[in-house]
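Encoded as C-alpha cells, the structure appears first; notes follow it.
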Amino acid sequence: MKIRVEAEVYPTESRDKVVKAVKNLFPSLSLRIEALGDIEIVLGEGDDLSILENLKNMLRMRKIRAAAKSILKQSIVDGKLIFYMNKQAAFVNQASFTEPFTESPLPPIKVEVEAEDIDKIVEWLTE
C-alpha cells in the first residue's frame, strides 16, 4: 500500500495553516515542504493504513459514511483511489470532500491511495 497526501500552499495562504489542515486529517503522517516554482507543496507519504484512521473516525463522527462511500467509489481511477478534501474545512477539524478547484478558490488536499484491493480500503474507511 502507498498513501500520498499533498496540498499546495498558495502565496495568499499561510504555510503553517496548510500544514495544520493536513495534520488535522492525517495526524500520524510525517510532512515535508517542497518548492514548485512560486508555490510550496505540503507533502506526506506512507505505507500504513493507520494514516487513514483519523479520517475514518471523522467520517463516522459526522455520520457521512454513506455519502463518503459513494464519493470514494467514484474516485477510483486506474486502480488508484484519488480524492480531494476541502482545506478550509480540514483546518477547523472537519472532513469534507471536494472537487479540485470547484467549490473553493484555494486548492484542496489531494489524497492518493494505491493498494491491491482498493474496494477493500473504501469499505474499511466507510464501515
Taking the Cα centre as origin and putting +1 on Lys and Arg beta-carbons and -1 on Asp and Glu beta-carbons, what dipole magnitude results for the range 2-126, to the nearest 20 debye? 680
Relative contact order (%) - criterion: Cα under 8 Å, at least six apart; region: the chain: 33
According to a simple spin-label model (label point 7 Å from Cα along Cα-to-Cβ), what is the distance in nm between Lys73 and Ser50? 3.1
Based solely on C-alpha atoms, express the radius of gyration and the Dmax of the range 49-116 in angstrom. 11.8, 34
Gain on full stretching of the segment that runs from Leu106 to Met1 - 0.36 nm per residue minus C-alpha separation: 34.9 nm
Return the calculated 222 nm mean residue ellipticity for the chain, to the nearest 500 deg cm²/dmol, obtained by summing -39500 (n - 2.57) across DSSP H runs with n ≥ 4 and dividing by the residue count. -9500 deg cm²/dmol
What angle do you read, to the nearest 10 degrees and between 0 and 90, between the alpha-carbon axis of helix 65-74 and the longest principal axis of the chain? 80
Extension gain Thr12-Glu127, at 0.36 nm per residue separation less the Cα-Cα distance, in nm? 37.6 nm
So what are the range 2-126's ellipsoid semi-axes, whole angstrom, largest first, if each one is the square root of 5 times an eigenvalue of the alpha-carbon gyration tensor? 22, 16, 14
What are the lysines whose alpha-carbon lies under 21 Å from the alpha-carbon of Lys80, with same-chain residues fewer than 8 places away excluded? Lys2, Lys56, Lys69, Lys110, Lys120
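Here, each number is a calculation from the coordinates, and none is a lab measurement. No experiment lies behind these values; they were computed from the predicted model shown. Backbone-built Cβ (ideal geometry, glycine too); neighbour counts: all protein chains shown.
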